[in-house]
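For reference, the structure discussed in these notes is given below.
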Amino acid sequence: MTHRTPPRFVIRTLVATLATVAFVLSAVLLVVTLNVQKSVRAGVVDRLETGQRLLAALEERRGQELLAQVAMLAENSTLKAAVDTYHTELRTTNAAGRQDLLATIARELDKLAARIQPEWIEHLAPHLVKRTHSAPYWNARSSHVEADERVTLRGLTVIPKRRVHYGAIDVALARETFIQHALVEGD
């Protein structure tokens, strides 16, 4: 028996057909991949934008609620009455009467101060608070240079002591403290 080879024309035609089919399938796969990638990106972007809008609306609502609470505290009728009484009776009463009026005002202010939460002040008036930091120290547990922060509002202590990451406050001193305590002393 003789082994017959197919004619060259048939082989070339088969190779060209297979190459064309492979090229077309690759192009279709590429187009489908790009299309799916585009639609997935669009879906993710849409979800992120929706989430951002929701968070912005919640934050705005929270800010409005905090402002309403602050306004309500500022409109305390008892405190207003005590201050008005003090001003009207300032000239007519003796020293003991003025002391009683001042004590009443102080009690009302203490009641208001007890209702105020520190995060309100920090959130609503960050430009009015003053932050002071104690000497920074290396905290091996958190692997950060930390300091104790004290927050005041015109001399009134709002937050007496809070531990904060010091690297964002003074990079150079934080780096120096890190090198000294973590690397040199091996804490």
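The values are calculated or read from the model by the stated rules, or taken from the named source; none is laboratory data. Note that the structure is predicted; figures quoted are calculated from it, not measured. Virtual Cβ from ideal backbone geometry, glycine too; neighbours counted across all protein chains shown.
Quick notes on this structure:
- Cβ separations smaller than 6 Å between residues 6+ apart or across chains give the following pairs from region 92-114 residues that are acidic (D, E) to residues that are assigned to a helix (DSSP H, G or I) and surrounded by 11 or more Cβ atoms within 10 Å (Cβ to Cβ): E108/T78; E108/L79; E108/A82.
- Filtering region 149-160 to residues that are farther than 15 Å from Q117 by Cα and more than 20 Å from the chain's Cα centre (by Cα) leaves R154, G155.
- Close Cβ contacts (under 6 Å, 6 or more residues apart or on different chains) running from residues in region 124-151 that are among the basic types (K, R) to residues that are modelled with pLDDT of 90 or more and surrounded by 14 or more Cβ atoms within 10 Å (Cβ to Cβ) comprise R131/E149.
- Screening A172 with (1) among the small types (G, A, S); (2) under 30 Å from L67 (Cα atoms); (3) more than 19 Å from the chain's Cα centre (by Cα); (4) at pLDDT 85 or above gives one miss only, at (2).
- Of all residues in region 71-126 being under 40 Å from the mean Cα position of the chain (by Cα), of a type in the set (S, T, Y) and surrounded by 13 or more Cβ atoms within 10 Å (Cβ to Cβ), the one that is nearest to E59 (Cα to Cα): T78
- Pair list, Cβ under 6 Å, 6 or more apart: region 53-66 residue within 12 Å of L124 (Cα to Cα), other residue surrounded by 10 or more Cβ atoms within 10 Å (Cβ to Cβ): L66/W120; L66/L124
- Selected residue (only one of A16, A56 is surrounded by 10 or more Cβ atoms within 10 Å (Cβ to Cβ), within 30 Å of P118 (Cβ to Cβ) and not basic (K, R)): A56
- In summary, A172 fulfils each of the numbered conditions (1) assigned to a strand (DSSP E or B); (2) without any contact (Cβ under 8 Å) to a residue 24 or more places away in the chain; (3) of a type in the set (A, V, I, L, M, F, W, C) with the single exception of condition (1).
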